Structure formats: C-alpha cells, structure tokens
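> Input: one structure, supplied below.
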Amino acid sequence: MRQIIPILILSFSLNGFAQTFEWEILTDHLGLSRDDGVAFAIEDDIYYGSGNHGGFLQSNTFYKYNVSTATWSLSAPFPGVSRQYARAAVIGNKVYLYSGIDLNSIPLNDIWEFDPSADSWTELAEFPAERRWQAASFVLNNELYYGTGRDWTVIYNDFWKYNPLTDAWEQLSDIPKQRCYETVSFSIYDKGYLGLGRDCTGVFLNDFWEYRPISDQWEQLEDFPSDARYYAKAESFAGYGIVGSGQNEFSEMLNDFYAYQPIAKTWTKLPDPPMINRRGMSSAAIPFRGAFFIGGLDETFTRSNQVFQIKFKDDTEASFKLIYNDTQKTLYISEIDSVSQINVFNMDGRAVYDVRVSDSQHFIQTLSWNSGTYLVRINQKVKKIVVL
C-alpha cells in the first residue's frame, strides 16, 4: 500500500520559479530483498531485477511495477548469466542491459536487448573492450555512452559510444578524471554527467564532470557538496540530477540526497528520504512522474525490498484556474490576482512563456509547444498542465 510522507517537502528556486518536492513510499517489490540490482522505466512501468540477495538463485528474475495501478507483477526472466552490478539504458522503446559480475565474480561484457512490447530478451554483440563491472553509463541522442569500471586487477577510464541501430561501438576520448569505479552517472538535456566513486588507489571521490558529445570533451564542475562516496545512486528527472545515498570512506552508509541543476550549475540539498541509510540501491525515472529508488543494503548488511519515489508536489493552494483547449491549442487562465507575473516552464526547466499581466484572465497560444507537461507559475504559486 502506498504511504504519502507529507512532511518531507522542499521548496527551492531554480530558473526563477519555486518548485516543491516530496518523497513517497510505494509498495515493496516482489521477490527476495536485494542490493546492486538494475532498474529501468518504460512508459508507466518500472522493471527491477538481478542483483545480490545473499545468493544468485533468483537474480535473473525481473519484476514490473505499474505506477498508475501501484501493483507489481512478474516480467520475462532475464535469459543471460545471473549477475550483480549490471547496467541498463532505455533507448527509444527498447532497453539495453550489460556489464556486471557473475556468480563466480567474473566480469561480464555481454549485451542484451529487452523489448517490453513482446516481453522478451535478445542477445547482441559483446562490448568490444575489457570485461568490467561497477561501470558508468548514460544515454544522449538515442546512443549509449559507457565507461570507467574495473575488473579485479585493473580500473578503467576509457569511454565508448554504442549505436543500437547499427549494433556498433566507437571508442571516444578517455575520461580525464582519475581511473574510477562505482561512480554515479546520468544525462540532462544534451549533456552527460559523471562523478563520485573510488579511484585506482582506493581514495573516495566527490568530483563531478560534464560531458559534451558534439566535441567529445569533459569539463570538471563544482564538487558534489557532501561526503565523497561510492555505491551511491543518481537519476535525472525533469531537468534535475538527483544524487544520494552510498557509503563513505569510514564505511558509513549515507542517506543524504542533492539536486543538481545544470543551467545554473548548482547543488541544492533535498530533505532526507524516509529510508534508513543504505548503499547499492537501484533507480529509474519516469518523465512527469518522478525518480524511483529501490532496494539496497543497510549498515547491518540487511537487504531491502522497499521502493521510494521523489516527485513534484502539486500546489493545491494556488488560487488561479487553468483550462486547456486542445482543439484551439489555447491555455486559458482565470482568477488571476491583479498585476501578476506569469511564467510557464517545460519539465526540463526551460522557460517557454513569460509575461506580466494586470487582468484577471489571460490566454496563451500553445501551437508551437511540444506535447507534454508544463509548470505554470503565477507569482509564487505553481500548477501543472498537460498540453497534447
């Protein structure tokens, strides 16, 4: 059963509008509790599987959680080698699963494609470089970027690009940060982000980097503002990178989360979620729904089957009213306070409309807007609207 946690709320200003977040506890996942599994999202479904539950007897089992119905069900089992520390990437309407270690702790470089419409897996060509685990990856322009990680003797900082249309890999420039593993990684807009982890000497890191695919170059950003750590988790959601949890150099499990805003290049602390400190969670994100964090291992080395969601909180106190007419491609706003500033942002945080009004009613033509969810802010009140 879902449980709303109303007190864990944060409001902060990014791109000129106040945005409120809240954490929610969702239904525990099916199957055995585990850490270092893999999760991915397709439309309104979160898929979760693999990982370590104290053995690998069921670690090729996958489960599906539908956000709309709040229910779990079995998905097609993964036909490859059971594994821990796998990575997954969603490109178009397909999912690509790769990397990890098997039951004998042997690194893997096989790649599998999952088709959710057929609920089936297909093996593809192997990753052409060294086998590895605890690697990093993100998706840009429908291509997979992948690198770092380690085998049992070597730590890597090479970087690669995979095109699913041609099933081909291309080696890119090495990542200029230290050779590292168990970092976090995500993409926002047209750039990738990578940071944290441990280097080849075992030092814990809190540096953060931005990748620009057009120039194949990296830029070092402001450090992550909390403990250096590995086994952390990150997801991008509506123009923010949500980063947190993990384990620090004192072997302490962590529970703090931060939001990274790439336009302002700033970090903002989020309230602690209602989970106990842990490492090795899995994560996925659904646009306009939120970011989801699953499982993990706590300080007593107890594995979890809990599921947490961070999302935007609707502003029920906003007094103005919104009506969207799809036929006319027009957004009507009424009951506006006199002399008000109207701002509209897409879910990437980019402003699409900005005007100061003195009337109680206003309308906006949306013909040039992309379909999706938008945030309408009038003065300091925010509401959502879906444009078709």
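The values are calculated or read from the model by the stated rules, or taken from the named source; none is laboratory data. Please read these numbers as outputs of a predicted model, since none were measured by experiment. Cβ atoms come from the backbone with ideal geometry, glycine included; neighbour counts cover every protein chain shown.
> Taking Tyr193 and the conditions (1) part of a strand (DSSP E or B); (2) surrounded by fewer than 18 Cβ atoms within 10 Å (Cβ to Cβ), which numbered condition does it fall short on, given that it satisfies the others?
The failed condition is (2).
> Working carefully through the options Ser137, Ser120, find the one that is modelled with pLDDT of 95 or more, out of contact with any strand residue (DSSP E or B) (no Cβ under 7 Å at 6 or more places or on another chain) and either assigned by TED's automatic domain parsing to the domain that holds Cys200 or not basic (Lys, Arg) (or both).
Of Ser137, Ser120, the one residue that is modelled with pLDDT of 95 or more, out of contact with any strand residue (DSSP E or B) (no Cβ under 7 Å at 6 or more places or on another chain) and either assigned by TED's automatic domain parsing to the domain that holds Cys200 or not basic (Lys, Arg) (or both) is Ser120.
> Select, from Ala70, Ala76, Ala41, the only residue that is small (Gly, Ala, Ser), under 26 Å from Gly290 (Cβ atoms) and within 16 Å of the chain's Cα centre (by Cα).
Answer to the check: Ala41.
> Mind listing whichever residues of the stretch 266-284 are more than 20 Å from Gln134 (Cα to Cα) and outside any loop (DSSP other than H, G, I, E, B)?
Thr266, Trp267, Thr268, Lys269, Leu270
> Another one. Specify which of the listed residues (Ile286, Ile323, Ile294, Ile342) is surrounded by 14 or more Cβ atoms within 10 Å (Cβ to Cβ) and over 30 Å from Thr71 (Cβ atoms).
Just one listed residue meets the conditions, Ile342.
> Would you be able to say whether some residue in the stretch 239-258 is farther than 17 Å from Gln134 by Cβ, more than 17 Å from the chain's Cα centre (by Cα) and buried (at least 21 other Cβ atoms within 10 Å of the Cβ)?
Checked against the condition, which is being farther than 17 Å from Gln134 by Cβ, more than 17 Å from the chain's Cα centre (by Cα) and buried (at least 21 other Cβ atoms within 10 Å of the Cβ), the stretch 239-258 yields at least one hit.
> Please note which strands (runs of 3 or more DSSP E) are completely contained in the stretch 63-148 and include at least 1 residues that are within 20 Å of Tyr162 (Cβ to Cβ).
87-91, 94-98, 111-115, 120-123, 136-140, 143-147
> Condition check: among the aliphatic types (A, V, I, L, M) and over 28 Å from Asn277 (Cβ atoms). Does Ile214 satisfy that?
Against the criterion (among the aliphatic types (A, V, I, L, M) and over 28 Å from Asn277 (Cβ atoms)), Ile214 qualifies.
> Right, next: Within the stretch 149-160, how many residues are within 22 Å of Gly241 (Cβ to Cβ) and either in a loop (DSSP other than H, G, I, E, B) or modelled with pLDDT under 95 (or both)?
2
> If only one of Gln328, Gln341, Gln365 is within 23 Å of Ala264 (Cα to Cα) and among the polar types (S, T, N, Q), which one is it?
Among Gln328, Gln341, Gln365, only Gln341 is within 23 Å of Ala264 (Cα to Cα) and among the polar types (S, T, N, Q).
> Take the stretch 227-275 and flag every residue that is under 21 Å from Thr27 (Cα atoms) and free of Cβ contacts under 8 Å to residues at least 24 places away in the same chain.
Result: Asn255, single match.
> Considering the stretch 139-149 alone, what residues qualify as being surrounded by 20 or more Cβ atoms within 10 Å (Cβ to Cβ), in contact (Cβ under 8 Å) with a residue 40 or more places away in the chain and not β-branched (Val, Ile, Thr)?
Leu144, Tyr145, Tyr146, Gly149 - these are the residues of the stretch 139-149 that are surrounded by 20 or more Cβ atoms within 10 Å (Cβ to Cβ), in contact (Cβ under 8 Å) with a residue 40 or more places away in the chain and not β-branched (Val, Ile, Thr).
> Let me ask something additional. Could you list, in sequence order, the residues of the stretch 110-138 that are surrounded by fewer than 18 Cβ atoms within 10 Å (Cβ to Cβ) and either in contact with a His (Cβ under 9 Å, 6 or more places away or on another chain) or within 24 Å of Tyr193 (Cβ to Cβ) (or both)?
Ala129, Glu130 - these are the residues of the stretch 110-138 that are surrounded by fewer than 18 Cβ atoms within 10 Å (Cβ to Cβ) and either in contact with a His (Cβ under 9 Å, 6 or more places away or on another chain) or within 24 Å of Tyr193 (Cβ to Cβ) (or both).
> Can you tell me which of (1) in contact with a Phe, Trp or Tyr (Cβ under 7 Å, 6 or more places away or on another chain); (2) not assigned by TED's automatic domain parsing to the domain that holds Val67 is the one Phe308 doesn't meet?
(2)
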